[in-house]
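Structure first, commentary second.
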Amino acid sequence: MAIGQRGYNTRIKWHVDYYLTGEYWRFEALRQQEPSRLLYSLGPGRFKRGPESLKRPDSTQPRKWVASSETEIREDSIGTQQWIILSYQKTENSKTTIEWLFWREGETLTIAGDGTYETCNYNVVYTGQLEEFLGLDPDTIIGAWISPISPGSTADVYKYTADGHTRVARIGQAGNIGNAKTFTISGETDDEEKYVIVDPFGAVQATTPWGVAFDKILCSVVASPEDCYLAIYLQDSASTLHAGEGRVFTLPLLRIPITSNAWSSYVYSGQREYDIEQKRIQQKQALASGIANAGQGAISGGIAGGLTKAGGTVGAIAGLGVAIGGSIANYAITGYFDEKAQASTDRFVSNQTGSIIAGNGSPAWKNASFMEKAWKIVKLVRDSQSAAELTAEQSELGYITDTYAADCSTIVATGGGLRIEGLEVKGGISREGREYIAALFARGVHIDILT
């Protein structure tokens, strides 16, 4: 070294990359088929990130879910002409039963040998005239609902005529309420898409669970004495029907308002007819009593006249005529005033304030432009930016998992993003080397498999 020059020393700190070194020797062992060359092996551990086959629901929420496609739940191409279901109590021969009527809005039904008649339309339904057009006492109506599918099938037709209008409906029975319909719709909920069921208002009523795959749905009307529901089952044809998997939804159908007023109840309950008949009976009873009393008077007069003189009998007969005539006149007068009294009663009852006995029903679902107007299964997907972020994360870091493996080497050999907690490293390698490799996998790695 020349005078005046300075010398420089460089200190290099290094350590063995135990993992890469081990992988090199693994490669050599496989190439030369000498397992003895392996420096280490992997034992048990818990995968927190791993391949798609082990994935669990990702907790990352998108910025928003976007509607991708939708399928209407309906019986045919009837659009907003859905089914109307009505239940009521019927008392006949001292026996009370629950009866069902159902029809499709706007359709016509034919009665053999009679004619073809219309069903009640939405205007009748939503203006509180349903009980009048069907001739039902509103107090006996349990409820009415709108359904996308029919509750059953029947050939029996109900008919009622009033004020020149005839309306018909199908008669349902306990045995045919709950008819099932099948729709071919396939899908599966995962991190990127999900399915929701919306009502005609567009409100979400149910969300399919994560990981549930289906290729058809079964729909049925579930009718009870007090309410009506739409039951939906997500069926996978490759599997049998199983309960408790989150595949079944029971959703309340839209209600129809049923109005009650004193006049309808007074007429359709039979009370008005009963009152009129009772007054007629009282009139006839009074007439019969008057004639009978007159006859008794004539008999008594005849006996008395016979004991005195002939003039008494003539007087009795004359009295009988006067008494009978008076009874007939009273009968007519009573009938006249009873009619007046009944008319007054009718006016009084009809002027009573009406009320809604079954509410929560609104026609807005079929009128407002932003309403869905039908039950639907809607497919929702992540917005494009959130979907791209999730794809990049899963590709680099792996899918979220929570799986314990007794031997992690097989899964690690598949490569990709991995993170393993509590990994046990075995083999002829120093303690420092084993801890190094375990810590490496605990932080998370991405292994590229070169072929």
Item to complete: Any chance you could count how many residues in the stretch 396-410 are within 11 Å of Pro51 (Cα to Cα), of a type in the set (Gly, Ala, Ser) and either in contact with a helix residue (DSSP H, G or I) (Cβ under 8 Å, 6 or more places away or on another chain) or part of a strand (DSSP E or B) (or both)?
Response: 0
Fill in: Qualifying residues in the stretch 421-451 (those that are exposed (fewer than 13 other Cβ atoms within 10 Å of the Cβ) and among the hydroxyl-bearing types (Ser, Thr, Tyr)) - the one nearest to Glu52 (Cα to Cα)
Thr451
Worksheet entry | Residue list for the stretch 189-205, filter: modelled with pLDDT under 90 and either surrounded by fewer than 18 Cβ atoms within 10 Å (Cβ to Cβ) or acidic (Asp, Glu) (or both) | Asp199, Phe201, Gly202, Ala203
Response to the item:
Taking the stretch 52-68 and keeping residues under 27 Å from Tyr404 (Cβ atoms) and either touching a strand residue (DSSP E or B) at 6+ places or on another chain (Cβ under 6 Å) or among the acidic types (Asp, Glu) (or both) leaves Glu52, Leu54, Lys55, Arg56, Asp58
Item to complete: Return the residue satisfying two criteria in turn: it lies in the stretch 206-229 and is within 22 Å of Ile84 (Cα to Cα) and in contact with a Pro (Cβ under 8 Å, 6 or more places away or on another chain), and of such residues it is surrounded by the fewest Cβ atoms within 10 Å (Cβ to Cβ).
Response: Asp227
Discussion item. Looking only at the stretch 212-268, how many residues end up being assigned to a helix (DSSP H, G or I) and at pLDDT 70 or above?
Written reply: 0
Item to complete: Check the stretch 411-420 and report whether any residue there is closer than 20 Å to Glu52 by Cα, out of contact with any Cys (no Cβ under 8 Å at 6 or more places or on another chain), surrounded by 12 or more Cβ atoms within 10 Å (Cβ to Cβ) and basic (Lys, Arg).
Response: yes
Discussion item. The conditions are (1) without any contact (Cβ under 8 Å) to a residue 40 or more places away in the chain; (2) buried (at least 20 other Cβ atoms within 10 Å of the Cβ), and Pro148 fails exactly one of them. Which is it?
Written reply: (1)
Response to the item:
Counting only strands (runs of 3 or more DSSP E) wholly inside the stretch 128-172, the ones holding at least 1 residues that are within 24 Å of the chain's Cα centre (by Cα) are 141-147, 165-172
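Assess whether Gln81 counts as being at pLDDT below 90 and either over 21 Å from Ala223 (Cα atoms) or in a strand (DSSP E or B) (or both).
no
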Worksheet item: Does Ser68 satisfy the criteria of being among the small types (Gly, Ala, Ser) and not in a strand (DSSP E or B)?
Response: no
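Results for (1) touching a strand residue (DSSP E or B) at 6+ places or on another chain (Cβ under 7 Å); (2) β-branched (Val, Ile, Thr), shown as yes or no for each residue.
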residue	(1), (2)
Val378	yes, yes
Asp383	yes, no
Glu393	no, no
Thr401	yes, yes
Thr410	no, yes
Glu424	yes, no
Item to complete: Please go through the stretch 84-121 and pick out each residue that is surrounded by 12 or more Cβ atoms within 10 Å (Cβ to Cβ), assigned to a loop (DSSP other than H, G, I, E, B) and on the phi < 0 side of the Ramachandran plot.
Response: Glu105, Glu107, Thr119, Cys120, Asn121
Worksheet item: Any chance the stretch 424-432 includes a residue that's in contact (Cβ under 8 Å) with a residue 12 or more places away in the chain, in a loop (DSSP other than H, G, I, E, B) and of a type in the set (Lys, Arg)?
Response: no
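The values are calculated or read from the model by the stated rules, or taken from the named source; none is laboratory data. Note that the coordinates shown come from a computational prediction; the quantities given were computed from them, not determined experimentally. Virtual Cβ from ideal backbone geometry, glycine too; neighbours counted across all protein chains shown.
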